[in-house]
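Below is one structure, written out as structure tokens, with a few remarks after it.
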Amino acid sequence: MTGRVIVITSGKGGVGKTTTSANIGTALAKEGYKVVLIDTDLGLRNLDLLLGLENRIVYTIVDVIEERCKLKQALVKDKKNPNLSLLAAAQTRDKSAVNAEQLKEICNKLKQKNDFVLVDCPAGIEQGFQNAIAGASEAVVVTTPEMSAIRDADRIIGLLNTKEEITSTRLLLNRVRPNLIKNNEMMSVDDVVGILEIPLVGIIPEDTGIITSTNKGEPIVNDESSLAGQAYRNVAKRILGEEVPFLDLDEPKGLMARIKNVFAKLKAKV
Amino acid sequence: MGLLTDFYNTVAKFFRPQEETGDEASKSVATNRLKLVLMQDRTNLTPKILEQMRGELVDLLSKYLEMDKELLELNFEQEGDQVALMLSIPVIRAKDEEEIEKAIAESNANKVEEDDAEEENESDEESETEEEEITDSDETEKIEDSDNDVNDVSEEEDSEIPAKAKKSSKKEEIPEETIV
């Protein structure tokens, strides 16, 4: 078996890389695939918290590299889904404890026994980023419809394009607020895709449920009633090759907007 | 009365088309600012250099075409993993042969003047070069040289334009800034 290694990256911090990693990983595992999540944010690990696994971590990726344990020993199984496991980052070390070659080797070993290896990348474009993308053959770039996040995403896309091993780079637009887009106060999905010009893999609406799901250490894809959860499940399906329509959030379609449009047109005629 | 006015304003605001509320602006402002900044990010060209490039392109094309210089648009667009330079100019009309020849002659004359001026500066500053001994028969060659000289001013950036524009994807393995 040779699994797919996908890096989840963004450039800017705080746009939802770790949340995205946890949710796509969980969603793929729910579909029955064997998934390993790797947290490469050395010194600032958080993926364990989002999965609710913080108390189960014994060994980290640095322990594996420095041969204090076997790779298998460091993989922490998810509470609910035995298909999902986590290779945690070391909290007491920094990015220089690992190099790109070592990470690549770990990815290569993991993909022998798993369908998916998802690499949660740290923010920035330095060593940590270079490490995280080293073993990947696909990338998901996470951004939000804000200028700074899009600018950083553009930079990341440029850097990913220089890596021949990465054959697919797709965009995940996070924290989309349909109300703001309707009022033209936020860049729309089309605006962002038009600027970055890479294919979309998902549109995730802003959802306060993310906060409570983080509080509980329970990825939102497990919440069947959540819109963001549904959006993440759709992302997983698209990664699996299914064609799932995107949420349409661009056009003002509400009753109020329609009334406004009618009056705008009438006014224009007068 | 005040109450009525307030009520009227509220109702009027509700029915006003969106473009007038200023909300439209916020999103388009962001999109436009972003496009401009990404154009610079993708090419490493500063606004000053872009303006210079635009000016030189206008000068060059004006020899052959009469066009609306104000509406000339210069953009870098990402196409897959390449950056393309898009130039859009409303052409009023193409010039006829006579006019073109005249324009070329004029610009050559200007260049010779500039070249002379530069040579004077050079000789003031430093060594006497072989260029000072150029004879009439070398005139055409000299003009070509002067081309290079004029461009020398901004050679550092200019010479990088095609390379970066084309190879932006292949180029920056590890960008300079990251090493710091």
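The values are calculated or read from the model by the stated rules, or taken from the named source; none is laboratory data. Source: prediction; values computed, not measured. Here the Cβ positions follow ideal geometry from the backbone for every residue, glycine too, while neighbour counts run over all protein chains shown.
Points worth noting:
- Breaking point among (1) buried (at least 17 other Cβ atoms within 10 Å of the Cβ); (2) part of a helix (DSSP H, G or I), for A:Ala90: (2)
- Test: residue in region A:15-33 that is at positive phi, within 15 Å of the chain's Cα centre (by Cα) and at pLDDT 95 or above: yes
- Residue that is modelled with the lowest pLDDT [pool: residues in region A:212-260 that are of a type in the set (S, T, N, Q) and surrounded by fewer than 14 Cβ atoms within 10 Å (Cβ to Cβ)]: A:Ser225
- Subset of region A:177-189 (residues that are within 13 Å of chain B (Cβ to nearest Cβ) and touching a Leu at 6+ places or on another chain (Cβ under 7 Å)): A:Ile181, A:Met186, A:Val189
- Residue selection: B:Leu61 fails the criterion of being outside any strand (DSSP E or B), hydrophobic (A, V, I, L, M, F, W, C) and within 30 Å of A:Leu159 (Cα to Cα).
- The set of residues in region A:30-86 being assigned to a helix (DSSP H, G or I) and aliphatic (A, V, I, L, M) consists of A:Leu47, A:Leu49, A:Leu50, A:Leu51, A:Ile61, A:Val62, A:Val64, A:Ile65, A:Leu71, A:Ala74.
- For region A:115-122, the criterion of being in contact (Cβ under 8 Å) with a residue 60 or more places away in the chain, in a strand (DSSP E or B) and touching an Asp or Glu at 6+ places or on another chain (Cβ under 9 Å) is satisfied by at least one residue.
- Qualifying residues in region A:154-174 (those that are without any contact (Cβ under 8 Å) to a residue 12 or more places away in the chain and either more than 19 Å from B:Met39 (Cβ to Cβ) or surrounded by fewer than 18 Cβ atoms within 10 Å (Cβ to Cβ) (or both)) - the one nearest to the other protein chains (Cβ to nearest Cβ): A:Thr162
- Selection of region B:38-58 for residues being touching a residue at least 60 places away in the same chain (Cβ under 8 Å) and in a helix (DSSP H, G or I) yields B:Arg42, B:Thr43, B:Ile49, B:Gln52, B:Met53.
- Members of region A:126-153 that are within 14 Å of another protein chain (Cβ to nearest Cβ), surrounded by 20 or more Cβ atoms within 10 Å (Cβ to Cβ) and in a loop (DSSP other than H, G, I, E, B): A:Thr144, A:Pro145
- Any hit, region A:181-188, residues being in a helix (DSSP H, G or I) and either at pLDDT below 90 or over 17 Å from A:Gly16 (Cα atoms) (or both): yes
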